[in-house]
1. Of all residues in the range 34-54, which are within 17 Å of Asn3 (Cβ to Cβ), without any contact (Cβ under 8 Å) to a residue 60 or more places away in the chain and surrounded by 19 or more Cβ atoms within 10 Å (Cβ to Cβ)?
2. I'd like to know if the range 55-69 contains one or more residues that are in a strand (DSSP E or B) and either under 11 Å from the mean Cα position of the chain (by Cα) or surrounded by fewer than 18 Cβ atoms within 10 Å (Cβ to Cβ) (or both).
3. Select from the range 70-112 the residues that are in contact with a Pro (Cβ under 8 Å, 6 or more places away or on another chain), among the small types (Gly, Ala, Ser) and at negative phi and list them in ascending order.
4. Count, please, the residues in the range 1-48 that happen to be more than 10 Å from the ligand (Cβ to nearest atom), in a strand (DSSP E or B) and within 19 Å of Ala76 (Cβ to Cβ).
5. Among (1) crowded, with 19+ Cβ neighbours inside 10 Å; (2) within 22 Å of Asn12 (Cα to Cα); (3) touching a strand residue (DSSP E or B) at 6+ places or on another chain (Cβ under 9 Å), there is one condition Pro94 misses while meeting the rest; what is its number?
6. Counting just the residues of the range 2-33 that are closer than 14 Å to Ile142 by Cβ and surrounded by fewer than 18 Cβ atoms within 10 Å (Cβ to Cβ), which one comes out modelled with the lowest pLDDT?
Amino acid sequence: MSNPIYILNGPNLNRLGTREPEIYGHTTLTEVEASCRNAASGHPIVFRQSNREYEIIDWVHEAIDQGSGIIINPAAFTFTSMAIMDALKMFPGPLIELHISNIHKREPIYHKSYVSPVATAVIAGLGTNGYPVAVRALLDMIDKPTARP
Ligand code: CA2
């Protein structure tokens, strides 16, 4: 069995689909997880969400030990957490930073990500459809590690 890909979600994303549908849509995080499993076609996935920074850091460490790739939507921690950035820096495999909204089209406080400089790729603005897109892209990078710039 191949090593799982880790899909990690930051604070408040457990409430996805319940407010600000004009920005984030109506899809819930449970539905997002199902779309990721569907896109992975049997590749094992660890899908988690936390409102606690330390928990996300512990899961990144877990992925360092046993994951083949990471997709992370750090939510508000994107703009605040050097600790998550430091943990992600240690991950040796492909890493995709994902945002449902296009953070660059929003207010300036959403423009400076701590995660982007350590990510392999960034996806933003595709709505929740960005998750299955990211899963396919990540699996492609895992299958063909040299194809990545
Ligand atoms: O667009 C994204 O995916 C974000 O990472 C979402 C974060 C925001 O701080 C980032 O700038 C961009 C906010 C997540 C809030 O969670 C929600 C809860 C309920 C409904 C919608 C979003």
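1. If the condition is that a residue be within 17 Å of Asn3 (Cβ to Cβ), without any contact (Cβ under 8 Å) to a residue 60 or more places away in the chain and surrounded by 19 or more Cβ atoms within 10 Å (Cβ to Cβ), then Phe47 is the only one that fits.
2. Initial filter on the range 55-69 (in a strand (DSSP E or B)): 69.
So of that shortlist, the ones also either under 11 Å from the mean Cα position of the chain (by Cα) or surrounded by fewer than 18 Cβ atoms within 10 Å (Cβ to Cβ) (or both) come out as 69.
Yes - at least one qualifying residue is present in the range 55-69.
3. Ala76, Ser81
4. The total comes to 3.
5. Failed condition: (2).
6. Ser2
The values are calculated or read from the model by the stated rules, or taken from the named source; none is laboratory data. In this text, all values refer to a predicted model and were calculated from it rather than measured experimentally. Every residue, glycine as well, gets a Cβ built from its backbone with ideal geometry; the counts of neighbours run over all protein chains shown.
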